[in-house]
Every structure is written in C-alpha cells, then in structure tokens.
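Notes follow once the structure below has been shown.
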Amino acid sequence: MRASSTEPAPFGDRYHGCDCEHIKHISSKVLEITAGSTKPGSESGPVPAYAETAQREIESRGPELVELSSYLTKNPELGYEEFKAHAKLTEYLSQEGFDVSGYPHMPTAFRASYTHGSGGRIFGLNSEYDALPAIGHACGHNLIAVSGIAALVAMRQAMQEHNLPGTVVLLGTPAEEGGGGKIKLLKAGAYEDLGACMMLHPGPGLPGQGGIGPSLARLRVVIDFHGKPAHAAAAPWEGLNALDAAVNAYVGISTLRQQLKPTTRIHGVISNGGGTAPNIIPARTQMIYAIRAETAGAVESTTKKIIDCVEGAARMAQCTVDMEFSDMYRDLVNDKALAYEYVSAMDQMYGYKVRTIFDPANGIGASTDFGNVTYALPACHPGYSIPTVPRGGNHTPEFTAAAASPGAHEETWKASAAMAAVGLRFLSDDQFASQVRADFEEDQKRMAAEW
C-alpha cells in the first residue's frame, strides 16, 4: 500500500549511482567522508507527515529514553551476560504494550513487535547493549539500544496516526563485541520474516557528520600447538617445542603480509603456554589470530594461506596443531535504496549531509555481526556522529563518557527519527519496497560472482 496521496512525497525517488573518493577520518565503525555524493534527486520539499509524526514522538519521549540509556551506562555488562539490560529494556517495552518474546537458547536476546491493520510488510530494527571489558559502553551500545527503541515507538505512533498497515519488529541482539549474537539469531530464524531492517551506530565527530559504508569481514581463530616436555639442558632431544611451532607460525604469517592487499588485516598474539621455566621445553602454546579483509570471500582465501603457515610451522617443530574457528563476521553490504532514503531523510529533516560509499575496498577498519544480516536480507547500518574530546573515539574511556552526554542523545534522536522514516516508507510504498529488494538481489549476484 502506498502512502496517502494527501501526504507529501517521500524523501526521494529512484536514485542514480553514488560513490565517494576519499575518507577523511575513520574511527571504529563510523565514516566521515569528504568527497562523493549524498542521494541525488529530490532533496527539497516538505517532510512527509509520517516522518514528522515519528520525529515528534521521539522528541516527546526523550527523558524516558535517556533514563534507559543512563541505566545501561551505569550497569555495563559483557556479551551474553546482559541480564540487567535485558530486564530493563523488556520491562519498558512490555509496559508500552509491545508484544515481547524471547529466545530460550539466548536468554539476553528479545523480540518486540507491533502490528497495525492486516497484512502489510515487516520492517526490522536492532538494539545492541553489550559493553566492553573495563571501559563499559565505549562503543556506544547504550545509544544503539535506545535508538532501536526510539524508532520502534516512533513507527508505531506514525502507523496509528496515518493508518499504515504492517509490522515493525525490534530485535534485542546481545554480544556484538566478539560474541556474534546476530549470527546466532540468524541461525535461529529471528530475521526470516523481516522484509528489511536497519540499525544505527555512533562514532566521534561534529553534529551532522556521519556516513554509510562497508566494513571489513572478520574471522577469529584459536591455534593450539601440542608438543612434548623435556629437560631443556639434560635431554632436549626428547622434547617437542610447542613454543618453537608458535614462533615459526608467527614469523610465517608476518612474512605473508607482504603478499596481501592493503585492505587485508592479520593480527595475533601468543595468548597462553609460552613456557613456565627456561629449562622446560614448552609442551603447549596457544595463539589467537583475527583475519580481516574487505569481503567474506577475501577472508576465506586469506584464511587458507594462514592455515598453510600454521600447519607448516607445526611440521617444522614436529608438533601437532588444532585450530578452532569462530563464526565469520561478514562485511557490511548496505542496501542502496535504504541507504539513499536515510540520506534524504537526514537532509530534509535536519539538513545533515550524510555521505555514502559502497566500494568494499574503501570501507572502515572494523567489523560487525550486522554484516551477516546484510548478506541475509536487505539491510542498512548508518553511522552518525556524537561530540567527543580529541582522540576520544570508539573503544576509549573518553567515548564512554561522550556516549552518556546530552549531545550524544540529541544526535541519537535525530538519526533514530530518520531511520523510522525509512521504515515507514518501506511499509507504505510498494515501489520503494520493491526497489529495496531489487538492490539486495543485485548485490547478491555480484557477491556470488566475486566469491
């Protein structure tokens, strides 16, 4: 069903190609891009009525949303341990009248939904709420949590006021910081009924800065070398040195970097078992590596080379080796129609010029499990800026403080209102929803050919 003909036109019609040439600043997961284009086309005219409703609803709920965010800031919890956050957020959503359910195998995940009318499409939102060890919400997940809730309540209000049939779903997704919560939710079928979905992420910068762009795919591997202990002076020939195997692997992987593309990142540590005394040959040594590249396919091809280095190192030291791989965080592939609609919404509602980039070779040097979501259905992951001190970007104590500031919340409400406006157009505009799907399918074909 299309939006009512009595309302202003949506933020933009079919876009043209858009690429950016340079990245001025990269910090964690937010882009500030200095050259390129926002969404070409119609960028003037009145804001759609449903977007004004969403904006007004979020502004009216500012104090209660800040209270939720502040609670998370004061009670940071690591991935899969977000029990306080889960209880606080689901209590609020239940009291608001949303249909709230959980996932038995993931006790800190949740689903909250609202349906208006009968039939219609389903649009998804995502909230993250896990913190980082020692430095709390230094990636702004307190803001991500309330951005999803803000968009949810805003969409519900607009759906009621403007009689827009459909369903909006908010997924509470634990353990983004290394735990792959969204990957487990994908496997559990949590995203299967969604026609499209979005989430937001804060980063450092001036108000109005931000962008939509790709991230790196990432795979984590734990490597265990097993040897045999012996007296290092009396009978070294009886031992098999697991530390030697690890050193061989470290050198081999470091040498491999010369033949890798600049967009590929390999970083690792010897995490355990380097030895207890110099006169005892180490019997076990553990290493942990992260392998990142511009696409999931590039990570897979690089991983094969890493495996060769590790297995060769084990043979050189006559040790055995075990490797345990985590689920891959795939690269972000933002749906173009969703991205450009968000760009137009931010421009018309707030005069913000959000920039876009779609070339995976020019993505940000970080990874997120939302990348896996973008491989499964049309999805978009805009970044927005909050005020910080110099060198106070993501994953620093300074960013923890910044994410709790009034300015950070003000910027979050703006980005949330724009995200809600995109979701409302997806529910109400058949042509736009078809274009969202078409862009996703086009990306799927391209990725299949590249992989």
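The values are calculated or read from the model by the stated rules, or taken from the named source; none is laboratory data. The structure presented is a predicted model; accordingly, all values stated were derived computationally and were not measured. Quick reminder, even Gly has a Cβ in these numbers, built from the backbone with ideal geometry, and neighbours come from all protein chains shown.
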Fill in: Residue pairs meeting the criteria (Cβ under 9 Å; at least 6 apart or on separate chains; first within 16 Å of Asp369 (Cα to Cα) and without any contact (Cβ under 8 Å) to a residue 40 or more places away in the chain, in segment 199-213; second of a type in the set (Val, Ile, Thr) and surrounded by fewer than 24 Cβ atoms within 10 Å (Cβ to Cβ))
none
Worksheet item: Of the residues Tyr375, Tyr350, Tyr329, which is at pLDDT 95 or above, within 30 Å of Glu410 (Cβ to Cβ) and among the hydroxyl-bearing types (Ser, Thr, Tyr)?
Response: Tyr350
Worksheet item: Among Ala402, Ala415, Ala420, which is buried (at least 19 other Cβ atoms within 10 Å of the Cβ), assigned by TED's automatic domain parsing to the domain that holds Ser60 and over 27 Å from Ile183 (Cβ atoms)?
Response: Ala402
Practice prompt. Test each condition in (1) over 39 Å from the mean Cα position of the chain (by Cα); (2) aliphatic (A, V, I, L, M); (3) in a strand (DSSP E or B) for Ala234 and report the one that comes out false.
Written response: (3)
Worksheet item: Restricted to segment 285-334, and to residues that are under 30 Å from Gly239 (Cβ atoms) and polar (S, T, N, Q), which residue is surrounded by the most Cβ atoms within 10 Å (Cβ to Cβ)?
Response: Thr285
Worksheet item: Taking the condition within 18 Å of the chain's Cα centre (by Cα), in contact (Cβ under 8 Å) with a residue 24 or more places away in the chain and farther than 25 Å from Gly203 by Cα, does Phe110 pass?
Response: yes
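What strands (runs of 3 or more DSSP E), lying completely within segment 280-391, carry at least 2 residues that are under 15 Å from Gly211 (Cβ atoms) and of a type in the set (D, E, K, R)?
On the way: elements: 284-293, 320-325, 383-386.
Output list is empty.
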Discussion item. Between a residue in segment 64-89 that is under 17 Å from Ala404 (Cβ atoms) and any residue that is assigned to a helix (DSSP H, G or I) and charged (D, E, K, R), which pairs come within a Cβ distance under 9 Å, given they are 6 or more apart or on different chains?
Written reply: Leu68/Lys88; Tyr71/Lys84; Tyr71/Lys88; Leu72/Lys84; Leu72/Lys88; Asn75/Lys84; Asn75/Lys88; Glu77/Lys84
Worksheet item: When Val269 is evaluated against the numbered criteria (1) exposed (fewer than 13 other Cβ atoms within 10 Å of the Cβ); (2) part of a loop (DSSP other than H, G, I, E, B), which criterion, by number, is the only one it fails?
Response: (2)
Worksheet item: Which condition number in (1) in contact with a helix residue (DSSP H, G or I) (Cβ under 8 Å, 6 or more places away or on another chain); (2) within 13 Å of Val310 (Cβ to Cβ); (3) surrounded by fewer than 18 Cβ atoms within 10 Å (Cβ to Cβ) is the one that Val222 fails?
Response: (1)
Worksheet entry | Yes/no for Lys182 being among the basic types (Lys, Arg), within 30 Å of Pro406 (Cβ to Cβ) and out of contact with any Pro (no Cβ under 8 Å at 6 or more places or on another chain) | yes
Discussion item. The conditions are (1) assigned to a loop (DSSP other than H, G, I, E, B); (2) among the basic types (Lys, Arg); (3) touching a residue at least 60 places away in the same chain (Cβ under 8 Å), and Arg437 fails exactly one of them. Which is it?
Written reply: (1)
Discussion item. Looking at (1) over 33 Å from the mean Cα position of the chain (by Cα); (2) surrounded by fewer than 23 Cβ atoms within 10 Å (Cβ to Cβ); (3) not β-branched (Val, Ile, Thr), which one does Pro282 not meet, given that it meets all the others?
Written reply: (2)
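One line per residue, one yes/no per condition, for (1) in the same structural domain as Gly97 (by TED's automatic domain parsing); (2) in contact (Cβ under 8 Å) with a residue 60 or more places away in the chain; (3) of a type in the set (A, V, I, L, M):
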residue: Leu164; (1), (2), (3): yes, yes, yes
residue: Leu185; (1), (2), (3): yes, yes, yes
residue: Pro229; (1), (2), (3): no, no, no
residue: Ala232; (1), (2), (3): no, no, yes
Item to complete: Kindly list the number of the only condition in (1) under 31 Å from the mean Cα position of the chain (by Cα); (2) farther than 17 Å from Glu324 by Cβ that fails for Gly252.
Response: (1)
Item to complete: Could you please let me know if Ala138 is more than 21 Å from Leu338 (Cα to Cα) and either surrounded by fewer than 24 Cβ atoms within 10 Å (Cβ to Cβ) or without any contact (Cβ under 8 Å) to a residue 60 or more places away in the chain (or both)?
Response: no
